[in-house]
Amino acid sequence: MKGGGPVARTGPDDSQVVRRVLDGDTEAFSVLVKAHEQHLFRLLSRHLPASEVAEAAQEAFLDAYQHLSKLREPERFRSWLSAIALRRSADFWRENARRAERGVDFSSPVELAWLESVMQEDSSQRFDEQIERDEAARLVETLLKEISPEDRIAVELYYAEEYSVAEIGEMLGWGESKVKVRLHRARQKMARKCEGLTGRGGNS
């Protein structure tokens, strides 16, 4: 299993707790909150500014509580909750899509070499290997603004968090083939943006 995927947990079975809530024991929902709040905060912190995480987590739990009866497979509560949170992350980026792009310095050979390695189809390098570097973080942010909010989430899940295609499909409600196509198209669009910014895309 890849590093970003679900880990084994101890405690009450999610499906049992969900059924308790649906049977009228509304206080039992706090058990689900305690069981999954750390996971949700970690997930959201990778996809949202720090200032937005707490509110997004609260809204995701509230949304999950209000629509719990729509969960057909109670044992998959964690994946369902993750999907709700990721949709809120996508909404955030959609609402902020018109923000002015931050300037990026592409004059450094080191940054160009890093960017090219990320764009390679078979590259095993992941975004998070150098994400702590300020320039690299700005490069990634600029490229991510070129794709849709949903594709942004998928790209981050796959490259930064190392979720598998199957896990991403489960969280986003997509088939595996759709995940692969969206990742491929997003990578192509980001590569074209990279070429344009670095002057390798021909006349522009």
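Just so you know, all these numbers are worked out from the coordinates, no wet-lab data involved. Everything numeric in this text was worked out from a predicted model, so none of it was measured. We place every Cβ from the backbone using ideal geometry, glycine too, and count neighbours over all the protein chains shown.
The table for this structure:
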read-out	value
Under 29 Å from the Cα of LYS180 - lysines, other chains or at least 8 residues apart	LYS2, LYS70, LYS145, LYS189, LYS193
Added length on full extension, which subtracts the Cα-Cα distance from 0.36 nm per residue, SER69 to SER30	12.4 nm
Only Lys, Arg (+1) and Asp, Glu (-1) charged, at Cβ; the range 37-88 dipole about Cα centre in debye	220 debye
Rg/Rh (Cα only; Kirkwood hydrodynamic radius) as it applies to the range 22-94	0.97
